[in-house]
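Computed from the coordinates by the stated procedures, all read-outs in this text should not be read as laboratory data. Small disclaimer: the values here were computed from a predicted structure and weren't measured. Note that each Cβ is placed from the backbone with ideal geometry, even for glycine, and that neighbours are counted across all protein chains shown.
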Amino acid sequence: IDKVPKVMSPVLVIHGTEDDVINISHGLAIYERCPRPVEPLWVE
């Protein structure tokens, strides 16, 4: 996650809201650190 701010291309985060393995907070953290984020897609 510390490398995300160095990604200069647009980033699309897609994450399931009911994911039991990786909490959605991880997807949100990546999205918030992107310098050029695309609107995230939260899948229910």
Label-to-label distance, nm, for residues given as residue 33 and residue 17 (7 Å Cα→Cβ offset)
2.5 nm
May I ask for the Rg/Rh ratio of the chain, computed from Cα atoms with Rh as the Kirkwood radius, given to two decimals?
0.98
